[in-house]
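Here's the structure we're looking at; comments come further down.
Just so you know, all these numbers are worked out from the coordinates, no wet-lab data involved. Quick caveat: nothing in here was measured; it's all calculated off a predicted structure. Cβ atoms come from the backbone with ideal geometry, glycine included; neighbour counts cover every protein chain shown.
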Amino acid sequence: MAPYFDYELTAMPTSLFKDNFMRKSVKSQLAQALEKGVQSSGENPQAMHVLDGGALIHKVKWQKKGPTIKDHEHQRRIGKTCADIQLSENIKAHSDQQTFLSNEKNKSQFIALLSRCLEADGQIVHNSTGDADALIVETALQFPRQEREVKVVADDTDVLILLMYHWNANMADIYFHSEAKRSKKDLKVWKVQDLVNKAGKVVTSHLLFIHASSGCDTTSATYGHGKTSLLKKIKDSEELQRIFFLMTDHEATVEHIGKAGIRLYVLLYGGRANDSLNSLRYSKYMEMVSTSKASIDPQKLPPTERAAFFHSLRVHLQVITWLKLTNDYLNPTQWGWKLADTVLTPVLTDLDAAPECLLKFVRCKCKLSSRNPCGNNSCSCRKHGLKCVTACGDCRGDSCQNAEEITLDNEDNVNIDEE
């Protein structure tokens, strides 16, 4: 039975993904842990201000005039997402702020319009085409390097982490004004140097990896393993520190990063020195079977080695992006991502959901007479990430929306045996 645990045995790595998307972490928990015990600081009113424009467009609430009898019709036309609008200063949007900004084209137009207005007012505007947090921090660091204090106003934990990592004692002071959702009484400004001193050298030097490996915008959180637990473990584990140093090596190979990431998961789940991640999965499963009075929850198991491998590549990619403050250093398709219809999507694993000897027993009983045969998760094959097969009840694996696609070779490449 143990070899079966080399496979996820589910449609996706449930410890890392939920409902086909990466698991999300509560990023603010890390910021709160770093800020704990640090006194809010005063600031120099003459300091240069750097603002996160992406947060600004959500922070400034749009004024809405009184309701009209056309509101219902506007909402009917718009639906859950806003239609494309040719935006100008004289155009009034009939949708609410959140709905309007949910349309990426409208949002891009609005940012361009806002940028032009700010530049006309004498402000310096930088528009990001990649990692906006990296651009914010790169812009902010220009001033303390020239011995000028700077105040960064943002609501993203990523910005705080990057400022702490990149600040050094040769720079002028940097202040971080958190715009996260708090009452006005709780709004505080932190001096980055104070946060760095409180965290200590070990934690600060590993902050990028701690944040990325425990879940950020481009990486998965791991079920049951939050940011603060990793923050505590790094202080006491030299092996973890060695792994973290390797993961920040911009010259490390894919295999070295993947192997280090697998070992990291063995440590996170309390494995021994000679444990493999897959054998630890089996041990954890048997432990759950012997102690659980209910069904086994697969998301509580460690990921397989291959799922951990690809997760580690994505973590490394994000760490290097933050380290170099550029999006162009590594190719995402070589580091845990793939292109699907011009969109980058994460590689979950390169193994089937289960070994062939088990997959052959999975079949559905969907009816072709239904409106959408095998087109949703009511199909047991689709639910488990499998294509329908000949043994399936009505569709027989060739007449439904979950059938295996057949690719015909180009005529020039077909060999015909002649008598």
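Here are the numbers:
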{"quantity": "Which labelled figure in (i) 1.18; (ii) 0.97; (iii) 1.03 is Rg/Rh (Cα atoms, Kirkwood Rh), once derived from the coordinates", "calculated": "(iii)"}
{"quantity": "Gained length - T333 relative to V289, 0.36 nm times residue gap less alpha-carbon distance", "calculated": "12.0 nm"}
{"quantity": "Net dipole in debye of the chain [+1 Lys, Arg Cβ; -1 Asp, Glu Cβ; about Cα centre; nearest 20]", "calculated": "2400 debye"}
{"quantity": "Cα-Cα over 31 Å, subset of K284/K360; K18/K284; K27/K151", "calculated": "none"}
{"quantity": "Karplus-derived HN-Hα couplings along region 365-370 (A = 6.51, B = -1.76, C = 1.60, θ = phi - 60°), whole Hz, x at Gly and Pro", "calculated": "10, 5, 9, 5, 6, 6"}
{"quantity": "Gain in span if fully extended, H256 to S370, counting 0.36 nm per residue against the direct Cα distance", "calculated": "36.1 nm"}
{"quantity": "Approximate spin-label separation D394-E147, in nm, with each point projected 7 Å along Cα-to-Cβ", "calculated": "8.0 nm"}
{"quantity": "Candidates per chymotrypsin sites (Phe, Trp or Tyr not before Pro) in region 277-343, loop by DSSP, up to 13 other Cβ within 10 Å", "calculated": "Y329"}
{"quantity": "Anisotropy class of region 254-404 from Cα gyration tensor, a/c 1.5 cut", "calculated": "oblate"}
{"quantity": "Summed residue charge, Cβ within 14 Å of L246's Cβ, Lys/Arg positive, Asp/Glu negative", "calculated": "-2"}
{"quantity": "Filtered GluC sites (Glu not before Pro), region 190-287: DSSP coil and at most 14 other beta carbons within 10 Å", "calculated": "E251"}
{"quantity": "Label-point separation, S102 to S380 (7 Å along Cα→Cβ), nm", "calculated": "3.6 nm"}
{"quantity": "Qualifying trypsin sites (Lys or Arg not before Pro) in region 193-277, DSSP loop, other Cβ atoms within 10 Å at most 14", "calculated": "R272"}
{"quantity": "Full-extension gain in nm, D352 to K387, via 0.36 nm per residue minus C-alpha separation", "calculated": "11.5 nm"}
{"quantity": "Estimated dipole of region 361-407 in Debye, rounded to 20 [Cβ of Lys and Arg +1, of Asp and Glu -1, Cα centre]", "calculated": "240 debye"}
{"quantity": "Pair K233, F21: separation of 7 Å Cα→Cβ label points (nm)", "calculated": "2.6 nm"}
